[in-house]
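S.K.: Please see the structure below; I have some questions.
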Amino acid sequence: MKVSILDDYFDTLRALPCFRKLDGPDVEIWNDHVDDIDVLARRLKETEAPVLSRERTKTSGPLLERLPRLQLISQRSVYPHIDIEACTGLGVTVCSNMHAGTPSYAAAERQTARSYQIGIRGPRPPRKPADLAGHIRNTLTYSAANAP
């Protein structure tokens with residue numbers, strides 16, 4: 001799975017202990033910010049899962065349509081910069097941990113990424129975050145039963 005992390009201005013993510021959890025996938029980190037859709041489309045052409053930093057990168061329909069491998073968008077907090085309707089139409093799952101005290105869907109994101117990485121294509125993740133809790137159970141069960 002190709003993961004692109006956008007807008008890590010100070011290149012801090014690599015130093016975090018949790019970054020080691022992304023040891024398997026092909027991870028690319030971008031330390032600058034780009035608004036130009038053409039540049040973003042070139043950068044993300046092979047990306048399956050971009051990780052957005054808050055509301056920095058506008059993820060519009062015209063950009064999404066140029067990213068044929070896109071499967072999952074992961075980010076933190078609110079998402080007015082993501083065209084949810086376009087994501088839904090293209091079958092792209094959006095995962096966002098909204099605020100303290102609300103459920104975190106990071107487990108589903110990680111398990112889905114790991115499943116894709118080792119070649120297991122289990123149940124397609126739901127498009128609505130509210131449906132993810134059941135999907136986590138289904139994916140974990142499916143992955144455990146079908147792991148090589």
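The values are calculated or read from the model by the stated rules, or taken from the named source; none is laboratory data. From a predicted model like this one, the values you see are computed outputs, not experimental measurements. Note that each Cβ is placed from the backbone with ideal geometry, even for glycine, and that neighbours are counted across all protein chains shown. These accessible areas exclude ligands, DNA and RNA; they are computed on the full protein's heavy atoms, side chains included. Shrake-Rupley method; radii C 1.70, N 1.55, O 1.52, S 1.80 Å.
S.K.: Expressed as a rounded percentage, what relative contact order does segment 8-78 have, with Cα pairs under 8 Å and six or more residues apart?
M.R.: 31 percent
S.K.: So, one more: I'd like the Karplus ³J(HN,Hα) series for segment 81-90: coefficients 6.51, -1.76, 1.60, θ = phi - 60°, whole numbers in Hz, and an x wherever there's a Gly or Pro.
M.R.: Per-residue couplings from phi come out as 8, 9, 7, 4, 4, 5, 4, 4, x, 9 Hz.
S.K.: Mind ranking 45, 2 by accessible surface for me, highest first, 1.4 Å probe?
M.R.: Final ranking, largest accessible area leading: 45, 2.
S.K.: Taking amide H atoms as placed 1.01 Å from N in the peptide plane, list the residues 5 or more away in sequence, or in a different chain, whose amide H sits under 5 Å from that of residue 27.
M.R.: 3
S.K.: Using a 1.4 Å probe, how large is the accessible area of residue 36, given in Å² and rounded to the nearest 10?
M.R.: 80 Å²
S.K.: Leaving ligands and nucleic acids out of the surface, order 33, 81 by accessible area at 1.4 Å, largest first.
M.R.: Largest accessible area first, the list is 33, 81.
S.K.: Pop a pseudo-label 7 angstrom from the Cα along the beta-carbon direction at both residue 45 and residue 31 and give the gap in nm to one decimal.
M.R.: 2.4 nm
S.K.: Any idea of residue 95's accessible area? Nearest 10 Å², probe 1.4 Å.
M.R.: Estimated to the nearest 10 Å², residue 95 gives 0 Å².
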